[in-house]
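Since the structure comes first, as structure tokens, the remarks are kept for the end.
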Amino acid sequence: MNNSMKFTSGSVLKIAAVSWIICFAVYFRALFCGFVNYDDSEYVLHNILIRDLNLDFLKFVFTSSYAGSWMPLTWISFAIDYRLWEMNAFGYHLTNILLHSTNTFVVVLIADKVLGKKYCDIQNIQPYLAMLLLSGLFFGIHPLRVESVVWISERKDVLNGLFALGSVLFYLMYAQAKDIEGKSRLAANYSISLMLFALSLMAKSITVVMPALLIIIDWFPLKRLRKTTILTIIYEKIPFLLLSLAVSVLTIYYAQTDGMFLTLNEISFYKRLLISGNSVFEYLRLIIFPVGIQPFYIINPVLPASYAIKAVVVVAVCCSSLYFIKSRPWIPALWFLFLTPLLPVLAFFQNGGEEAMAARFTYLPAVPISVIAAFGFFQVYRYQNKLRVLLCVTILFLLLFYATVTYRDTIVWDNTGTLWTRLLEVQEIGRAYVQRGMYYYSIGHYDEAIQDLSRAIEIAKREKVPVLHNLYAFRGDSYRAMKSYDKALEDLTSAIEITPNPSCNYLRGLTLKSMGRQHEAEKDFELAGEHPIPLDWY
């Protein structure tokens, strides 16, 4: 390697390190966020599984599903965190931020591998390095990353991202070495790429689409189809494809076993098509203009007409991008590199019932868009001298805007109260009132808990869905804590009538005792048993 190449490589690593530092600094506030009652209870707080990091634990996570998913590396990472931090949320957030900052570092290296061969000019290296830094920052500090980084349960996103991006990086090294150096270092780079791909699948199965992504990359930007046949390229992907098929079968099996997939009778294909089209459109819009990001997007019972319009636009873009296959191959390549990682999480494979889309699903699809956006700024800088000052100001403003919105959205995940308050600011749904009401109950804010649980009950009745006994139980106990015994008695009785529960009998016994109705109280205490369990939603 000559001196100029060494200088370039060293400079790229320094720029990648700068992107790591900036990303960590932007997310520093997240270190002081807590857990939220949105999956964190199941994944960490109430997850007895992660509390013993031993052979039995390892055997279980590799041979069984938990919380409806097979993701052994994610559970191992939580187990390591528990060993280090127990239930201190600081440590879990630290791990997420470190992983995401490292992913930003890797994105810079990927951008260099894709663009460096053609656009790196040692005489004018500063604009090139600035482009690489922008590639990393457009990905790393974009507000759409907040959910993946700050939500502890989304460890699977950032952990999967580390291995998936690493796999792409080593595949680029393999493909470029094969074109230039023959068999030099081919086996090592290919093997590392394959190994990292396997690890990504063990963190989150979303990367089952990796074989397709690598074929698109071979076509453009690597342009390998000009130098080899499509059969050779597909043959290279067979090990990737076999791993992908194995994990796909495993994921589908566990999802069906846990009853996570919704049938076409529950959501028709036409409705899935509209929801998917709307989601793709909104993902792209939020990447370009990241304002109004929500922590939860539910499927509306009646889809608005805008869904059909957006679906038509998305189909039109798919079709029109094919027109540029020969003249401007980067257009269809970019579109399908964005779209392909989204396919497993679109409504075509709907599971979970309520969620139409989520910001976290843009984690990997955002990488090619970040790189091409930075490249676009680089091209303007190279060829439009009069616009350079304006361009630099625009970039600075954009990065400050991203950092500001990211910081603001980080605070949304501060605790359960702030999370569901944010959702209720943009959409009134019963689930948000339930979750926030439960949070207020847990911290002793009984008056606020009563207000939220009452609103949840009103919405359930209005929408003609069964009112869960839990709503009456927790509202009743909140009334009891505030010494509103008549209302407490009414609610706890309603809860018992819906679903008999020893905990509710015990609480009703305490209420009756406080009202001086000792004889009735004794009957409830007898039904509750000698050691009644605490009232618990889960």
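The values are calculated or read from the model by the stated rules, or taken from the named source; none is laboratory data. Owing to the predicted nature of the structure, the values given are computational and were not obtained by experimental measurement. Cβ: placed from backbone, ideal geometry, glycine included. Neighbour counts: every protein chain shown.
If I ask for residues that are among the hydroxyl-bearing types (Ser, Thr, Tyr), within 13 Å of Leu214 (Cα to Cα) and within 30 Å of the chain's Cα centre (by Cα), which ones from region 225-256 would you list?
Within region 225-256, Ser244 is the sole residue that qualifies.
Which residue pairs have Cβ atoms closer than 6 Å, lie 6 or more positions apart in sequence or on different chains, and pair a first residue in region 225-238 that is without any contact (Cβ under 8 Å) to a residue 24 or more places away in the chain with a second residue that is surrounded by 13 or more Cβ atoms within 10 Å (Cβ to Cβ)?
Pairs that qualify, where the first residue is without any contact (Cβ under 8 Å) to a residue 24 or more places away in the chain and the partner is surrounded by 13 or more Cβ atoms within 10 Å (Cβ to Cβ), are Leu225/Trp219; Ile233/Asp218.
Cβ-Cβ below 9 Å, separation at least six or inter-chain, first residue in region 317-339 and modelled with pLDDT of 95 or more and assigned to a helix (DSSP H, G or I), second of a type in the set (Asp, Glu) and crowded, with 16+ Cβ neighbours inside 10 Å: which pairs?
none
Within region 309-342, can you find the residues that are of a type in the set (A, V, I, L, M, F, W, C), surrounded by 16 or more Cβ atoms within 10 Å (Cβ to Cβ) and within 20 Å of Leu214 (Cβ to Cβ)?
Scanning region 309-342 gives Ile331, Ala333, Leu334, Trp335, Phe336, Leu337, Phe338, Leu339, Leu342.
For region 444-464, what are the residues that are assigned to a loop (DSSP other than H, G, I, E, B), in contact (Cβ under 8 Å) with a residue 24 or more places away in the chain and not acidic (Asp, Glu)?
If the condition is that a residue be assigned to a loop (DSSP other than H, G, I, E, B), in contact (Cβ under 8 Å) with a residue 24 or more places away in the chain and not acidic (Asp, Glu), then Gly444 is the only one that fits.
Which residue pairs have Cβ atoms closer than 9 Å, lie 6 or more positions apart in sequence or on different chains, and pair a first residue in region 519-538 that is under 16 Å from Ile496 (Cβ atoms) with a second residue that is part of a loop (DSSP other than H, G, I, E, B) and basic (Lys, Arg)?
If the second residue must be part of a loop (DSSP other than H, G, I, E, B) and basic (Lys, Arg), no pairs are left.
Looking at region 276-294, can you tell me whether even one residue there is surrounded by fewer than 20 Cβ atoms within 10 Å (Cβ to Cβ), touching a residue at least 60 places away in the same chain (Cβ under 8 Å) and at positive phi?
The answer is yes; a qualifying residue exists.
Just one of Leu73, Leu94, Leu99, Leu45 is farther than 22 Å from Pro295 by Cβ and either in contact (Cβ under 8 Å) with a residue 24 or more places away in the chain or under 21 Å from the mean Cα position of the chain (by Cα) (or both); which is it?
The match here is Leu73.
Within region 264-283, restricting attention to residues that are charged (D, E, K, R) and at pLDDT 90 or above, which residue is nearest to Gln294 (Cα to Cα)? Lay out the reasoning, then the answer.
As a first pass, look at region 264-283 and keep what is charged (D, E, K, R): 266, 271-272, 282.
Next, from what is left, pick out any that are at pLDDT 90 or above: 271-272, 282.
Numbers: Lys271: 22, Arg272: 21, Glu282: 12 Å.
Among residues in region 264-283 that are charged (D, E, K, R) and at pLDDT 90 or above, the one nearest to Gln294 (Cα to Cα) is Glu282.
Residue by residue through region 272-315, note down the ones that are within 16 Å of the chain's Cα centre (by Cα) and of a type in the set (D, E, K, R).
Glu282
Could you look through region 257-295, keep only residues that are in contact with a helix residue (DSSP H, G or I) (Cβ under 9 Å, 6 or more places away or on another chain) and of a type in the set (S, T, N, Q), and pick out the one that is nearest to Ile411 (Cα to Cα)?
Result: Gln294.
Among the residues of region 67-81, are any modelled with pLDDT of 95 or more and of a type in the set (S, T, N, Q)?
yes
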